[in-house]
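Remarks on the structure that follows.
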Amino acid sequence: MIKKLLLVCCFCPFLATAQISFSSGNSALVNASLSSGVAIGVTDMNGDGLDDIIRLDNASSLEIEYQNTNGNFTRLNYGSTGTSKWGMAIADIDKNGYNDILIGGNYNGLKIYSANSTGTDYTSTLLTNNIFVQNLNFADIDNNGTIDVFACHDVGLSKAFSNDGSGAMTENNGLINAVSTVPSDNSGNYGSIWIDYDNDDDLDLYISKCRLGVTNANDGRRVNLLFENDGNNNFTEVAVARGLVPYGQSWASSFEDIDNDGDLDCVILNHDITSMILENDGTGNFTDITASSGIATSLNNLGDGGIQVIMEDFDNDTFIDIFVTTRNGIHKLYKNDGDKTFTELSNPFPLPFGTSRIQSAAIGDLNNDGFVDVMAGFASGYNGPSSSRRDRLYFNNGNATNNWTEILLEGTTSNINGIGARIEIYGAWGKQIREVRSGESYGIMNSLKTHFGLGTATTITKIVVKWPSGNVDELLAPTINQSLTISEGSTLSTTNPSTISKLRIYPNPTSNFITVETNNRNSNVVYSLYDISGKLLHANKTLNVNNQIPLQSLATGIYMLQLHMDGETSMRKIIKE
């Protein structure tokens, strides 16, 4: 299969008002009768640059629907994964070019489903049965270029697993020992998120804590935790000092920049007190701005039912909006007004079941038009799939006056998905930031492709990618209204981002060969290879019949691969293992 990344322009109809609205896309699905539990995923699974849908029918049976270029989906029906699963995260842990799936539930198996070499089937590996999984994350916790596992444990200390580089995981709480600072049994771990909250270019961990039936706000089982990374993978718990302990039963949290000032702000979903919006002062200290947000009453009316909180620019106006789902009859979409206030929107989702609410959801661009769509489920309670209320795909109706860019990362020295990378874009709006994450909120997986709305701006001054390795890529004046793939080290290129996105190389790192793929079968690719000192090893070679470059004869190390295609040139860093 030739893997390609389509460069498409927005074609959504013009909407005269600021209302964000969605239409049902279920007719495009293969299985429109599936009923998810809380765990839902959206991201690219087969390396074609298009977001796909990953669901667990009845919270257990794995199905993947792959987005096609014709607007419809094709399905892989894997079958049962065991009993009810509560959490999901997705990443390419073995660096074979296809993403793998992490799922877990109530003492019924924390498992990885690893994609085969063609991405057409999966095999499962049991990590442990000894955990009641709530949220799950893939993250490079020790920043060694491999993707590790973090699993929230409802009734005990959360667990970390280290990756040996080939995708094999070993339990290792030496990666991070997420213990409570208040004496407790270390239970109550619900929503976890890895973020750089203090802008020091390393990953920190925030855990939303909840223990039903515990009424003491100072009980360690329900006091949220923030583990600050010192840059050397040493973590210190600082949530109280940073203003991120609401002393409520917190279910999930999300971090994005709501005011485009270059730091991550926070929304915390609470069950026994009002849910909260907190502003980052730029140094990692947070202030509660819920009262002045314009939606304090609405957040208070969520009651004890909040499940997911998702932050995304749904109308591409450059400002991050807030989407909240619940188990108790309501869901909310709050439009960002651009001045740290929000407006609750009226009925943005056409509901098929009367007054039913969206219980859980994951987001991504599911028709490749540059606007973020929603895969929604209507389960009951905290994880009870409903036989009468089927999942629904909601396509974003968009706004033709607003432009966009979407960016997919490929790490080389850093982990292959670029998880933990910070992406900045500059233009007439000033600066916007995003981070690449795997596993968010409470059990969901949102797209690994970062999305930016540009408003009516017609140019981007530059895109900056700050990789976990410390490498920095900078792209000047990229074309807008396109999906771009940025490979780590690619801005050594002499060409522009649209040409860079035509090429894909994998696996990387590798021990035997590199495969080069392009979205044009007729393109003639010529390569030259240099060692890290700049010495030319091979000049103007053509790919073999399998579009591969053999590396078996090279010593272990870092090399630079210069690729010539269609009269243009780009440079990629490769690692020989």
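Side notes on the structure shown:
- Total formal charge among the other residues, if their Cβ is under 13 angstrom from that of E424, Lys/Arg +1 and Asp/Glu -1: -3
- Per residue, the chain exposes 33 Å² of accessible surface when a 1.4 Å probe is rolled over the protein heavy atoms with every protein chain present.
- Charge tally for L454 (other residues, Cβ to Cβ under 14 Å; Lys, Arg +1; Asp, Glu -1): -2.
- If R0 is 41 Å, the Cβ-Cβ spacing of V30 and N524 corresponds to a FRET efficiency of close to 0.65.
- Largest accessible area first, the residues K85, K335, K541 order themselves as K541, K335, K85 under a 1.4 Å probe with ligands, DNA and RNA left out.
- Extreme residue, positive dipole direction of the chain, given options N173, T128, G82 (C-beta unit charges): G82
- Accessible area per residue (1.4 Å probe, heavy atoms of protein chains only) ranks S483, S553 as S553, S483, with the largest value leading.
- Probe 1.4 Å - accessible area at D288, Å² to nearest ten: 80
- The relative contact order of segment 343-449, computed from alpha carbon pairs under 8 Å that lie at least 6 residues apart in sequence, is 20 percent.
- Were the residues from N199 through T69 laid out at 0.36 nm apart, the gain over their Cα-Cα distance would be 43.0 nm.
- Whole-Hz ³J(HN,Hα) from phi, Karplus 6.51 cos²θ - 1.76 cosθ + 1.60, for segment 116-127, glycine and proline x: 6, 6, 10, x, 9, 7, 9, 10, 9, 10, 7, 8
- Element breakdown for the chain at a 1.4 angstrom probe: carbon and sulfur atoms account for 47% of the accessible area.
- Separation in nanometres of the label points that stand 7 Å from Cα toward Cβ, at L476 and S388: 6.3
- Calculated FRET value between L351 and T170, using beta carbons and R₀ = 45 Å, to 0.05: 0.50
- Pairwise label distance in nanometres, K535 with D261, each label 7 Å out on the Cα-Cβ vector: 5.3
- Simple spin-label estimate for N116 and V179 in nanometres, 7 Å along Cα-Cβ: 4.6
- Relative contact order (percent, whole number), the chain, Cα cutoff 8 Å, 6+ residue spacing: 15
- List L408, L102, L536, ordered by accessible area with a 1.4 Å probe, largest first: L536, L408, L102
- In a simple Cβ point-charge model (Lys, Arg +1; Asp, Glu -1; nothing else charged), the chain has a dipole of about 1440 debye relative to its Cα centre.
- Our estimate of slack between E577 and Q548, defined as 0.36 nm per intervening residue step minus the Cα-Cα distance, is 8.8 nm.
- For segment 79-216, relative contact order (Cα pairs under 8 Å, six or more residues apart, normalised by length) works out to 16 percent.
- Around the Cα centre of segment 47-180, unit charges on the Cβ atoms of Lys, Arg, Asp and Glu (plus for the first two, minus for the last two) sum to a dipole of about 340 debye.
- CD proxy at 222 nm, helix term only [per DSSP H run n ≥ 4: -39500 (n - 2.57); per residue of the chain; nearest 500]: -500 deg cm²/dmol
- Placing unit charges on the Cβ atoms only, positive for Lys and Arg and negative for Asp and Glu, gives segment 328-411 a dipole magnitude near 520 debye about its Cα centre.
- Computed from backbone phi with θ = phi - 60° and the Karplus coefficients 6.51, -1.76 and 1.60, the 3J(HN,Hα) list for segment 322-328 is 10, 10, 10, 10, 9, 9, 10 Hz; x is used for glycine and proline.
- Residue pairs exceeding 29 angstrom between C-alpha atoms, taken from K111/K449; K541/K576; K95/K431; K209/K335; K111/K431: K95/K431; K111/K431.
- Positive contributions from Lys and Arg (+1) and negative ones from Asp and Glu (-1), summed over other residues with Cβ under 12 Å from the Cβ of F378, come out at +4.
- Rg over Rh for the chain works out to 0.95, using Cα positions for both radii and the Kirkwood form for Rh.
The values are calculated or read from the model by the stated rules, or taken from the named source; none is laboratory data. The model shown is predicted, which means the values in this text are computed figures rather than measured ones. Cβ coordinates were reconstructed from backbone atoms using ideal geometry, including for glycine residues, and neighbour counts include every protein chain displayed. Accessible surface areas use protein heavy atoms only, side chains included; no ligands, DNA or RNA. Shrake-Rupley method; radii C 1.70, N 1.55, O 1.52, S 1.80 Å.
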